[in-house]
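Asks: Take a look at this one; I'll ask things after.
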Amino acid sequence: MTLDRRTFIGTGAAAAAALSAPKVYAASNGGGKPRVVVIGGGSGGATVARYLAKDSDGAIDVTLIEPTRVYYTCFFSNLYLGGFRTLESIGHTYGTLASEYGINVVHDYAVGVDRDTMTVTTAGGHTFPYDKLVLSPGIDFIDGAVPGWSVASQNAMPHAYKAGSQSELLKAQIESMPEGGTYAMVAPPNPYRCPPGPYERISMVAHVLKHKNPTAKILIADPKKKFSKQGLFMEAWNKYYPGMIEWIGPDFGGKNVSVDPDAMTIDIDGTVEKVDVCNVIPAMKAGRICEIAGVTKGNWAPVVPRTMASKADPNVYVLGDSSAQGDMPKAGFAANAQAKMAAMVIRGELTGSRVFPAKLSNICWSLLAENDGVKVGASFEVTDEKIAKTGGFVSKPGEDADLRKATYEESIGWYEGIVSDMFG
Ligand SMILES: Cc1cc2nc3c(=O)[nH]c(=O)nc-3n(C[C@H](O)[C@H](O)[C@H](O)COP(=O)(O)OP(=O)(O)OC[C@H]3O[C@@H](n4cnc5c(N)ncnc54)[C@H](O)[C@@H]3O)c2cc1C
C-alpha cells in the first residue's frame, strides 16, 4: 500500500505490520543518525525525548522544542493554590535532558510543520528537518466557547489550566478576595484535560477560603450532568466546607453561561452576578501546532492506538492531551505512558530494535482537604480500534482517615516518580 501523507490511513493492518516487522531505517540526511524532533516538553514530550535518547544509546539524534525554560506541572498546581506546595516545587528545567542525555533542547516556539519536506520551523526563524516528528503540545482553548471570554481576557479571568503564571495570578486573586466575596468557576465540557481537575481545584480554593475568608462563597457553572469522582467531591464539600459551594449543573442553567471580564460579571441562565474571581476553563482542543501540521480531525488528532502515529501521517506521532486514542483520560500519567510506548515504536522503526506490546495504566489523584486524598484509576489494552479500558478502581465515600492520608502520600510518591521519569 502506498501511503499518502496527506491522507488518513487505516489503523489495524498498518499498525500490526509496523509492530511485527521493524526495519532499519535509512535516515533522510544521507547516512547520518536518524533525527527525531519533539514539539512540546511536557508530560508526553519530555518523556518521549528522554526515552528515545536513553534507550537508543546515542543512535538517534533527538531535538526537543519547548518555549519555556521552566515547565510547571499542571498536576499539583491545585495543591499550590491550596497552600500545600510552593510554585518552585512544581517547576522543572531541561538541563539534565541536555547534559546527561544529549538531547538538543531548543527553547523556541514551533510555528510551522511541512510534512512534505519533513521540516519544522520555529518563531525564532530556525528550521529542523526530521525523520520522525512527535507532537505533544497539550491543549488550547476553543475560541468563543464561553461567550465574552477570549485568551485576551485571561488576566482578568484566568483559566489556570496551563500552569505557571496563570496559577500565580489565580492564587493572588483568591487571596485578595474581599471578605464574603464570590469565586466563580466556569467548568469545561467533556473531553478535557484532567477530568477531576476543576473539582480538586474547588476543594483547594474552599480550603483557603475556609481559613482566610470563611463567609466567601464559591459558584460552579457546569455544562456536565455529572463529573469525575462526583460522590467523593460532594461528600467532602459537605463535610469540610458546608454551605460554601454551590454547583449549578445543566438542569439549572450551568450550560447557559457568558461572562463580562470588564464588568467582572457572570451570567448564568439570565441571572447576572458580580463576582470577585472568575476562573473560566473553556472547552478544549488539541494544541494549535497539531492543526498547523494538518493532523487534526475535529478538535483532536486521531492516532493509531498501537503506535501513537497520526492517522494522517505515519512519520508524525501525537501524544498526550492532543491525541484521540480511545479511553485513556487526558492526564499526565497517560501522556507519560503513551510516550514510553511511542518511544519504543519509533526506536524500533529507526534502529530495528524490538518492539513489545505495551501495558498502559492511569491514576488521577485529588486532594480534598489536608491529608484527605482520593484516586481514580484504570488499566488499558491496545486494540486495533482504540486504547480500551479493561478495568478500573475509585476511592470510596466514607473511607477512614488513615487510608485517605495514605492515598495522599501515594500521590506525592507518584509525583516524584513521574517528574524524574520526564526530566531525568
Ligand atoms: C489543574 C490540573 C491538575 C492536573 N492534575 C493531574 C494529575 O493529578 N494527574 C495527571 O496525571 N494529570 C493531571 N493533569 C493533566 C496533565 O497536566 C496533562 O494531561 C498533561 O500535562 C498532558 O501532557 P501533554 O504532554 O499532552 O501536554 P503538556 O504537559 O501540557 O505539555 C505541552 C507542552 O508543549 C509546549 N508547546 C505547546 N505548543 C508548542 C509549540 N507550538 N512549540 C513548542 N512547544 C509547544 C507547551 O509549552 C508545554 O510545555 C492536571 C491538569 C490540570 C490543569
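Asks: Of Leu219, Leu79, Leu368, which is the most mobile in a GNM of the chain whose springs link Cα atoms less than 10 angstrom apart?
Replies: Leu219
Asks: Now for a different question. How large is ³J(HN,Hα) for each residue in the range 407-420, as worked out from phi by the Karplus curve 6.51 cos²θ - 1.76 cosθ + 1.60 (θ = phi - 60°), to whole Hz, x for Gly and Pro?
Replies: For the range 407-420, the Karplus curve yields 5, 4, 5, 4, 5, 5, x, 4, 4, 4, x, 6, 6, 6 Hz.
Asks: How much length, in nm to one decimal, is gained on full extension between Glu370 and Thr96, taken as 0.36 nm per residue of separation minus their Cα-Cα distance?
Replies: Fully extending the segment from Glu370 to Thr96 adds 95.3 nm.
Asks: Can you tell me the order of 333-344, 57-68, 263-274 when each peptide is scored by its average per-residue count of other Cβ atoms within 10 angstrom, highest first?
Replies: Final packing ranking: 333-344, 57-68, 263-274.
Asks: Once label points are set 7 Å from the Cα along Cα→Cβ at both Met234 and Asp55, what is their separation, rounded to one decimal in nm?
Replies: Using points 7 Å along Cα→Cβ, the separation is 4.3 nm.
Asks: Report relative contact order for the chain in percent, whole number only (criteria: Cα-Cα under 8 Å, sequence separation at least 6).
Replies: It rounds to 21 percent for the chain.
Asks: FRET efficiency for Lys225 and Ser258, Cβ-Cβ distance as r, R0 = 25 Å, nearest 0.05?
Replies: Result of the calculation: an efficiency of 0.75.
Asks: Looking only at the chain, where both bridge partners belong to it, what percent of the DSSP beta bridges are antiparallel (to the nearest 5)?
Replies: Counting DSSP beta bridges with both partners in the chain, the antiparallel share is about 55 percent.
Asks: In the range 294-338, which residues have a backbone nitrogen under 12 Å from the label point lying 7 Å from Ile142's Cα in the Cα-to-Cβ direction?
Replies: Label zone hits: 298-300.
Asks: Then there is this: Along Cα→Cβ, 7 Å out, is where each label goes; now give me the distance between the ones at Ala172 and Asn155 in nm to one decimal.
Replies: Reported label-point gap for Ala172 and Asn155 is 1.0 nm.
Asks: Shifting gears a bit: Given charges of +1 on the Cβ of Lys and Arg and -1 on the Cβ of Asp and Glu, with all other atoms neutral, how large is the dipole of the chain about its Cα centre, in debye to the nearest 20?
Replies: Its charge dipole is roughly 880 debye.
Asks: Whole-Hz Karplus ³J(HN,Hα) for the range 281-298, in order, using 6.51 cos²θ - 1.76 cosθ + 1.60 and θ = phi - 60°, x for Gly and Pro?
Replies: Result, rounded to whole Hz: 10, x, 4, 10, 8, 4, x, 3, 5, 5, 5, 4, 6, x, 10, 8, 9, x.
Asks: Let me have the 222 nm mean residue ellipticity of the chain computed from DSSP H runs of 4+ only, each contributing -39500 (n - 2.57), with the sum over all residues rounded to the nearest 500.
Replies: It comes out at -8500 deg cm²/dmol, rounded to the nearest 500.
Asks: In addition: Could you tell me the calculated FRET efficiency between Phe356 and Leu403, based on Cβ-Cβ distance and R0 = 25 angstrom, to the nearest 0.05? Please report the intermediate quantities before stating the final value.
Replies: Working: r = 35 Å, r/R0 = 1.40.
Between Phe356 and Leu403 the formula returns 0.10.
Asks: Tell me the net charge near Leu360. Cut-off is 12 Å between Cβ atoms, Leu360 excluded, with +1 for each Lys or Arg and -1 for each Asp or Glu.
Replies: Computed value for this residue: +3.
Asks: Comparing Asn371, Asn78, Asn299, which has the greatest mean-square fluctuation in the GNM of the chain with Cα pairs linked when under 10 Å apart?
Replies: Among Asn371, Asn78, Asn299, the largest GNM mean-square fluctuation belongs to Asn371.
Asks: Related question: Would you grab the residues whose amide H sits under 5 Å from the one on Asn279? Only those 5+ places off in sequence or on another chain, please, with H modelled 1.01 Å from N.
Replies: When sequence neighbours closer than 5 places are left aside, the close amide H contacts are Ala184, Met185, Val186.
Asks: Sticking with this structure for a sec: Collect residues whose amide H, placed 1.01 Å from N in the peptide plane, falls under 5 Å from the amide H of Tyr72; neighbours closer than 5 in sequence don't count.
Replies: His92
Asks: Another question, if that's okay. Filter Lys171/Lys239; Lys359/Lys389; Lys132/Lys340; Lys297/Lys330; Lys33/Lys330; Lys285/Lys396 down to the pairs with a C-alpha to C-alpha distance above 21 Å, please.
Replies: The answer is Lys171/Lys239; Lys33/Lys330; Lys285/Lys396.
Asks: Okay, next question. With axes computed from alpha carbons, what is the tilt in degrees of helix 197-212 against the longest principal axis of the chain, rounded to the nearest 10 within 0 to 90?
Replies: It is inclined by approximately 40 degrees.
Asks: For a quick check, take a GNM of the chain with Cα springs below 10 Å and name the residue from Met244, Met284, Met157 with the largest mean-square fluctuation.
Replies: With Cα springs under 10 Å in the chain, the top fluctuation among Met244, Met284, Met157 is at Met244.
Asks: Residue by residue, what Karplus-based ³J(HN,Hα) values in Hz, rounded to whole numbers, does the range 321-328 have, using 6.51, -1.76 and 1.60 with θ = phi - 60° and x for Gly and Pro?
Replies: So the Karplus estimates, Gly and Pro as x, are 4, 5, 7, 10, 10, x, 8, 5 Hz.
Asks: Obtain the nm distance between the two label points defined at Thr117 and Asp421 by a simple spin-label model: each point lies 7 Å from its Cα along the Cα-to-C-beta direction.
Replies: Inter-label distance under the simple model: 3.8 nm.
Asks: With +1 on each Lys and Arg Cβ and -1 on each Asp and Glu Cβ, how big is the dipole of the range 332-424 about its Cα centre, in debye rounded to the nearest 20?
Replies: Details: 10 positive and 13 negative charges, 79 e Å.
Rounded to the nearest 20 debye, it is 380 debye.
Asks: Given H placed on each backbone N at 1.01 Å, which residues far from Val303 in sequence or on other chains put an amide H within less than 5 Å of it?
Replies: Residues meeting the criterion, in which the H sits 1.01 Å from N, are Lys311, Ala324.
Asks: Now for a different question. Which lysines, if any, have their Cα less than 18 Å from the Cα of Lys225, not counting same-chain residues under 8 positions apart?
Replies: Of all the lysines, those that pass the test against Lys225 - Cα under 18 Å, at least 8 places apart if same chain - are Lys255.
Asks: Over the range 189-273, what is the mean sequence separation of C-alpha contacts under 8 Å (at least six apart), divided by residue count, expressed as relative contact order in percent?
Replies: Rounded, it is 27 percent for the range 189-273.
Asks: On to the next question. Which residue, Pro129, Gly95, Asn213, has the largest displacement toward the positive end of the dipole of the chain when charges sit on each Cβ (Lys, Arg +1; Asp, Glu -1)?
Replies: My answer, from the dipole projection, is Pro129.
Every number in this text was worked out from the coordinates using simple rules, so none of it is lab data. Since the structure is predicted, the reported quantities are computational estimates derived from the model, not experimental observations. Heads up, the Cβs are rebuilt from the backbone with ideal geometry, glycines too, and the neighbour counts pull from every protein chain shown.
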